[in-house]
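Throughout, read-outs are computed from the coordinates displayed, never taken from laboratory work. Keep in mind it's a predicted model, so treat the numbers as computed, not measured. Using ideal geometry, Cβ is built from the backbone for each residue, glycine included, and neighbour counts are taken over all protein chains shown.
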Amino acid sequence: MAGALLYLRLTSLRNLVVHRLGRLRQPKYLLGAAFAVAYFYYFVFRRISAARNVVSLSGQDTRTAGMLAAGAICALLCLIAVLRVAYAWIWPPEKPGLAFSEPEIAFLFPAPITRKALIHYRLLSAQFGILFSAIVITVVFNRSGFLGGHRALHAVGWWIVLSTIDLHLNGTNLTLGRLRETSSHFLLWRVAVVTAIVLYAVAVYLSVAGPVEGYMSGRGARGLDQLSALLNESTAVYWITLPFRIVLGPYLATGYRDFAVAIGPALLVLALHYYWVSGSQTRFEEGSIVIAARRAALKGAAQRGESLKLGRKPKALPGPFPLPPRGLPELAFLWKNLLSLRSSLFSRRALGIVLGVGIWAYFGLKPLMLAHRMSGGNDGLGFLVLIFCGIIAAYTLILGPQIARQDLRNDLPNADLLKTYPMQGWRLALGELLAPTAILTVVLWVAILAAAAAFDSEGNLAWLTSSVRATLVACVALAAPIVCMIQLIVPNTVMVLLPAWYQASRTRGGGVEMFGQRLMFGIVQLLFALLVIVPAAGAAALVFVASTYYVHNVGADAVIATGSALLIFAGEAAVGLWFLGERFERFDLSSESR
Amino acid sequence: MIEVEALTKQYGSFTAVRNLSFSVKSGEVLGLVGPNGAGKTSTLRCLAGIIPATAGKVRIAGHDLSVDPVAAKRALAFFPDEPRLFEYLTVRQHLTFVARIYGVADYEARAAPLLEELELSEKADVLPGELSRGMKQKLVIACGLLHSPSVMFFDEPLTGLDPLGIRRMKDSIVRRAREGAAVVLSSHLLHLLQEVCTNVLILKKGDKVADGTLADVAAQFSNGEANVSLEEVFIRATGGSES
């Protein structure tokens, strides 16, 4: 049986590789692959070569830094693993299930195969992904520059870590599922599990709180290396983190000898996990069917160009503003697309991200703000905020259009319906672009306002009075919406011109050539941003210089220059909208598949 | 109401519809039939202004579709076989949105009986994700009928409907035709077409094989037999195969 299952996996893998190689005959995939290979060569493999050179030069300092880096990585991994494992124990799924695909379920579940063989098959299948991940992580996060050791040993270390986590999560899933089905005291079991996890967290806190507090207050360890040594020498910390140390041992080994010592216990833990999972008698079939259906739905949604949702039902919300039946039809699209945006904004994931960023900003910026207050404002924080705002603005203009997709791109499945509406193409395109334009504009305005508030030039720039500053902010803010709209026209036009490319690039489908295609879209967006902004900015600069000779008022000069830039932007936007609308009217997705 | 002259649709070198001409008058229901790949959907999509015709002329309610598409589209409604809806808009919000697009001032007064007729009143505030396929199809129909179109194109309108829904749909099509609408209906359900249609147009590989009233077309392929069914006519007209 194992042979048949292995045959299925290996044959599928071979066919996948052949298919991927075969499609390189199409220029779009070949170009994408060339882009991706060039990217990996220049940004990943050359860095590895550079890191190898560091090894030969490494001295005590480098080694200390390496130990610290490894310690930090170890602590972070432990934290992530603990959180993930704790989550699995605290919130088990309603029905225990293993990750099979729908065809696997269709063929294997009715087949004369024991449940144990199915578990083996699942574990074997996972190994392909785990091995690949271990190799990729080893290549990308190469740390041999710091600690030495052979890269293959690190790959084995990663394989043990990932395999153990995979087995543990499956074991938790099946064990709790079994308990839910068979034990009348399941609630008690859960209470016990949660109590144990809370006790473990308290023990970790108590064992590390002393040294960390001493370090923070300046009374204990002087440097991070001393803190790391203190924690390493603590008996309590040693025993509490022992299971994780064992699993991480091969990865952290600095040489063959350390590796040989560490590999035995790690493999023993792995084998115990394997015994635990493979011996499970849990009925996982129903849960597996649910998982497979959900994965297939996600994949299908991605291929159809619809938004991805995992186990989340959209919620009906009132419209963002009253929409009377008469008036500009473009506003109906703004109304509709803002409605979809609000549904996404109120997702748990979005709220989690906002909460995470908020917590990070609070703890990360608190020391900076305190220092800023104590320094009387001469510590360069204003400059830092300015840089930060500049980065946010640049990301909004370049990456924003790829993220804010509440436009034609999200409505691609409804293209036929949209085309029956009694509207000219350019008006339909304008309506569709209003919502993402509004979103990106708001982000830009926040960045502009924050930059204006942070930029304190008192005494340095006499001409930059508060009224001039307000005028400049107003000018930039005025240009923001139209620049955002032009930037949004780019990906929408790409979608209409090359729908097959666009669809392929937005699905989660793998392959180095797909990665290259996504990279190319990013570069096109960047080039287009330059192409659009440079003429307008150049014209504005010329007008500004000319105006200073006649007007002698910086604020007025800025307004005149902005006016000239806005004229050019408006012309560019008009041409872009007309072209997009024209192409959309002629767009026929069905002909793309012929 | 619908006038089609020498309509041709090509996809690259492939010709989906070739030199097709016909007309549908007010009150007529034209059944568009043909084997798979005959060009029915391409024809309907060209007539609804979804895709441009490669050649030929289409006039909807007196407006040339290529010259004044906005006016032509204001008069028509297209009902696709697969209900495509906006996933974050409730049933009622779909109608609000469509009302704004078509400028239907009294849409609330029109929407209520439509929702009632299509049994969607109780689902007015739910999202499409919570609707069955048949319900989604009904919502598409409600949206299409909101602006009281004088020309209607149905592409496999009964897919996904339950028997009662099919019966109501047939009645609805017939009633709207009697009220003066021109209807084109594409379906493989020949018994449906026989019940509902006044005229029939048979396509095969993009060419018109037959066009006329049901009686005329039946007579053309009856070989002197009496009471020949549309199914038999279809088989004889198309040679019983796709090729």
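Observations, loosely collected:
- Residue by residue along B:202-208, Cβ atoms of other protein chains within 10 Å of the local Cβ number 0 on average.
- On full extension, the segment bounded by residue A:213 and residue A:242 gains 8.2 nm, given 0.36 nm per residue less the C-alpha separation.
- Peptide B:81-89 has a mean shielding of 6, counted as Cβ atoms of other protein chains within 10 Å of each residue's Cβ.
- The length gained on full extension between residue B:10 and residue B:231, counted as 0.36 nm times the residue separation minus their Cα-Cα distance, comes to 76.7 nm.
- Relative pair counts by distance (%), Cα atoms of the range B:38-169, 5 Å bins: 2, 11, 19, 21, 20, 14, 9, 4, 1, 0
- Taking 0.36 nm per residue of separation and subtracting the current Cα-Cα distance, fully stretching the chain between residue A:83 and residue A:124 would add 12.2 nm.
- Cα-projected label distance for residue B:116 with residue A:550, points at 7 Å along beta-carbon direction, nm: 6.8 nm
- Taking label positions 7 Å along the Cα-Cβ direction at both residue A:31 and residue B:66, the computed distance is 3.1 nm, reported to one decimal.
- Protection proxy ranking of A:431-441, A:247-257, B:19-29 - average other beta-carbon atoms within 10 Å, highest first: A:431-441, A:247-257, B:19-29
- The protection proxy used here, the mean number of other Cβ atoms lying within 10 Å of each residue, ranks peptides B:79-88, A:114-123, A:485-494, A:8-17 as follows, highest first: A:485-494, B:79-88, A:114-123, A:8-17.
- Using equal-weight Cα scatterers in the Debye expression, the normalised intensity of the range A:77-202 in log10 at q = 0.18 Å⁻¹ is -1.07.
- Out of every Cα-Cα pair that the range B:130-182 contains, those further apart than 16 angstrom amount to 40 percent.
- Mean Cα-pair separation over length for the range A:380-592, i.e. relative contact order, pairs under 8 Å, 6 or more apart, %: 30 percent
- Average beta carbon contacts from partner chains per residue of A:23-36, 10 Å cutoff: 0
- Inter-label distance for residue A:10 and residue A:524, nm, one decimal - labels placed 7 Å from Cα along Cα-to-Cβ: 4.1 nm
- Relative contact order (%) - chain B, alpha-carbon pairs under 8 angstrom, separation at least six: 27 percent
- By average C-beta atoms within 10 angstrom, highest first, the peptides A:197-205, A:98-106: A:98-106, A:197-205
- Sequentially through the range A:565-573, phi angles give Karplus couplings (6.51, -1.76, 1.60; θ = phi - 60°) of 5, 4, 4, 5, 4, 4, x, 4, 5 Hz, Gly and Pro residues having no value and appearing as x.
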